[in-house]
Amino acid sequence: MTARPLTQRLFSRIDDARDDLVALTRNLIRIPTVNPPGDAYAACAEFIGRRLAGRGFTVDYLRAEGGVGDSDRYPRTNVIARIEGAAPGRCLHFNSHIDVVAPGAGWTVEPFGAEVRDGRIYGRGACDMKGGLAASIIAVEALLAAWPDFPGAIEISGTVDEETGGYAGVAWLAERGYFSLPRVDYVIIPEPLNKDCVCLGHRGVWWAEIEVMGRIAHGSMPFLGTSAIRGMSAFLERLERDLYPALNQRRTAMPVIPEGARFSTLNLNSIHGGLEEGGDGFPSALVAESCRLVLDRRYLIEESEDEVRREILDLLEAVRTERPEFRYQLRDLWSVPPVMTDADSDLVRALDRGIEQVLGQPARHVASPGTYDQKHVQRIGHLKQCVAYGPGILDLAHRPDEYIAIEDMVQSAQVMAAAAVDLLAGGAGGG
Ligand SMILES: [Zn+2]
């Protein structure tokens, strides 16, 4: 080893690679991997694969055949690149999703033009999360150049469909052992949580549909029927009176950001009651036979899905004791339990030290209000040491004029490289 410490050499290599980092990010943004429907996945996976194959990685293209959304027109093509070190050791994996949401309206720049202005790169996916993907590639390339005899292994993946649940992406790969020991020890997901933040996990989700059933009758004689809408409205009053105040009191110990998401939340996603309008837009004179409500309940690590469901069922039962004609059905639509990586784990501590070294300030630990691919790594892969760490501002994700600051990408690449040295050296029993 030369006189200058490894991390210092890494940091200056990454500084010197700034133009390469910008070009790589721009090239990734220009591949419009819009999901849904899942455009240009193969092109993006091959772009990443070609670059890493040129750096000595073994590259696998893994199409989730038969997976959710997969078709010949929209193949769900994932890429995983792996490089072995000079000695056995731990494997560090950087996982990024390659899909982006549709640009939507309100842009003042070309969404897939990757314009550079005032130290920022603009475009759909700039911060969520092609900037993070590019930063992780530059970090690893610098590490390979500065430390050719590193121990262990490094993987970089580009996976599909995170924006629609990740079922043909990380979930599909995790089911096949790609996110489990002994293949992988640590996973860093460079989602845009800010360069000084380590995201330990996320809250849970429970989506359910409640249908209240009424009895149809002529609208001029509603007393002959039972209105499903009035029944639902009685339930909604219960939510307002009993549930919302209780949720606002329930605060988690998880460091969820923003602050408002540190509490249990319930969003009334949609409500439909009565018959749809006829073709001429004129309603029929009917008492509503059915009213359906979709709930989006985000719950805390201190709560369980059973408790969360029970709480809703208790309120429905309370309405039924007041209104004997009240009938309902509850259907579970989707759920993900909360996940949180231990703040004292090797992975989190390595990122903490990297942040201190690069930014000269202590790392902040946060948790996400919504879910991301960490759930599949932890629940399907049973790999505990997985966090999100990457450049960019989460609020800009999915918005018009999304951008990533170039300096943030450079610094977070340096943090990733420092953490990688720490984790791989530690795994080999070194310092
Ligand atoms: Zn994302």
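The values are calculated or read from the model by the stated rules, or taken from the named source; none is laboratory data. Model, not experiment: these values are computed from the prediction. Please note: Cβ atoms are built from the backbone with ideal geometry, for glycine as well, and neighbour counts cover all protein chains shown. Keep in mind that these areas ignore ligands, DNA and RNA; they rest on the heavy atoms of the full protein, side chains included. Shrake-Rupley method; radii C 1.70, N 1.55, O 1.52, S 1.80 Å.
Per this entry, residue 285 is counted among residues that are farther than 25 Å from residue 167 by Cα and open to solvent by less than 60 Å² (accessible area, probe 1.4 Å).
On the stretch given as segment 384-395, residues that are over 20 Å from residue 136 (Cα atoms) and either more than 15 Å from the ligand (Cβ to nearest atom) or in contact with a Phe, Trp or Tyr (Cβ under 8 Å, 6 or more places away or on another chain) (or both) total 1. Here the strands (runs of 3 or more DSSP E) wholly within segment 172-290 that include at least 3 residues being within 16 Å of the ligand (Cβ to nearest atom) are 186-189, 197-202.
Taken together, 105, 86, 64 contain a single residue that is open to solvent by 50 Å² or more (accessible area, probe 1.4 Å), touching a residue at least 60 places away in the same chain (Cβ under 8 Å) and under 26 Å from residue 192 (Cβ atoms), which is 105. Scanning segment 370-401 for residues that are hydrophobic (A, V, I, L, M, F, W, C) and open to solvent by 10 Å² or more (accessible area, probe 1.4 Å) turns up 380, 393, 394, 396, 397.
Reported count of residues in segment 59-116, each being outside any loop (DSSP other than H, G, I, E, B), under 20 Å from the mean Cα position of the chain (by Cα) and hydrophobic (A, V, I, L, M, F, W, C), is 5. Residue 379: charged (D, E, K, R) and under 19 Å from the mean Cα position of the chain (by Cα), yes or no? So residue 379 fits the description; yes. Out of 333, 295, one residue alone is of a type outside the set (Ser, Thr, Tyr), assigned to a strand (DSSP E or B), in contact (Cβ under 8 Å) with a residue 24 or more places away in the chain and open to solvent by less than 40 Å² (accessible area, probe 1.4 Å). It is 295.
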